[in-house]
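Comments concern the structure below.
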Amino acid sequence: MRGQLSFIEEEQKRVLMSLREEYYDAMLEGRKHYEYRTRYLKEESEAYIYISKTKKSIVAKIKFGEPIIADANTIALIAEQEEPGSYNGMMEYLYNNIGYAIPVEEIIPIEEVSLSELQQQFPNFVVPQSYYLLDKKPELLSFLDSRERAKSCVRKR
């Protein structure tokens, strides 16, 4: 194939991410436009959202844009613009001086999947501490994909 270029489209990374309910609700209401992390992927991604503590369920899929990866001050300034008064807390959170501001592009509801159902379907299921890649868990990924609702988007950026 001399002289021809081959473009192979790399599949978007997909993860299972833990999130507190109040942060998820703020995203749904349009008050929170970024998810902040001390580590994450460097490219666009899709994340199934596990609500820890209160619901103990997977409730949605979020399409995230390419993260802003920067020093703590830069990320804290983004957080401060989004929620005045959050600068100091973000600086404490980003103790290692590097942070990720991950833009929320789209929220897609799924039929809620409880922790007990996940453990019944997948006996080795582990709740993510922060997040983990789903590429090595094709059965779980397929199961979650099947739970997407027909109604596509709750919120687009």
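Below, the figures for the structure above:
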quantity: Segment Phe122-Glu11, extension gain: residue separation times 0.36 nm, minus the distance between their alpha carbons; calculated: 37.5 nm
quantity: Under the Karplus curve 6.51 cos²θ - 1.76 cosθ + 1.60, θ = phi - 60°, whole-Hz ³J(HN,Hα) for the range 42-58, x wherever Gly or Pro sits; calculated: 9, 10, 4, 7, 10, 10, 6, 9, 9, 8, 7, 6, 6, 9, 6, 8, 8
quantity: Gain in span if fully extended, Ser114 to Lys55, counting 0.36 nm per residue against the direct Cα distance; calculated: 20.5 nm
quantity: Relative contact order of the chain, defined on C-alpha pairs under 8 angstrom at six or more residues apart (%); calculated: 28
quantity: Whole-number accessible area per residue in Å² for the chain, which is evaluated in the context of all protein chains at 1.4 Å; calculated: 61
quantity: Helix-only [θ]222 nm of the chain, DSSP H runs n ≥ 4, -39500 (n - 2.57) each, per residue, nearest 500; calculated: -7000 deg cm²/dmol
quantity: Karplus-derived HN-Hα couplings along the range 73-84 (A = 6.51, B = -1.76, C = 1.60, θ = phi - 60°), whole Hz, x at Gly and Pro; calculated: 4, 4, 5, 5, 5, 4, 4, 5, 5, 6, 9, x
quantity: Given 16 as the ceiling on other Cβ atoms within 10 Å, longest exposed-site-free region of the chain for GluC sites (Glu not before Pro) in DSSP loops; calculated: 45-157
quantity: Subset of Lys32/Lys61; Lys13/Lys136; Lys32/Lys136; Lys32/Lys63 violating a 19 Å alpha-carbon distance limit; calculated: Lys32/Lys136
quantity: Overall Cα dimensions of the chain, principal axis frame, Å, largest first; calculated: 55, 42, 30
quantity: In sequence order, calculated HN-Hα J values of the range 135-143 (Karplus, 6.51, -1.76, 1.60; Hz; x Gly/Pro); calculated: 5, 9, 10, x, 5, 5, 4, 4, 4
quantity: Dipole magnitude of the chain, debye to nearest 20 (Cβ charges: Lys/Arg +1, Asp/Glu -1, about Cα centre); calculated: 260
quantity: Overall form of the range 92-153 per C-alpha gyration tensor (a/c, 1.5; a/b vs b/c); calculated: oblate
quantity: Extension reserve of the Glu29-Thr74 stretch, reckoned as 0.36 nm per residue once the Cα distance is removed; calculated: 13.7 nm
quantity: In the range 1-107, chymotrypsin sites (Phe, Trp or Tyr not before Pro) in a DSSP loop with at most 16 other beta-carbon atoms within 10 Å; calculated: Phe7, Tyr95
quantity: Surface share of carbon and sulfur [accessible, 1.4 angstrom probe, percent] for the range 43-157; calculated: 47
quantity: Cut-off under 5 Å, modelled amide H: who pairs with Ile98 long-range; calculated: Ala72
quantity: Simple spin-label estimate for Asp135 and Glu22 in nanometres, 7 Å along Cα-Cβ; calculated: 3.5
quantity: Rounded to 5, the percent of DSSP beta bridges in the chain classed as antiparallel; calculated: 80
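The values are calculated or read from the model by the stated rules, or taken from the named source; none is laboratory data. It should be emphasised that the depicted structure is a prediction, and the values quoted were computed from it without experimental measurement. Here the Cβ is made from the backbone with ideal geometry for all residues, glycine too, and neighbour counts use every protein chain on show. Note: areas computed on protein heavy atoms with side chains; ligands, DNA, RNA excluded. Shrake-Rupley method; radii C 1.70, N 1.55, O 1.52, S 1.80 Å.
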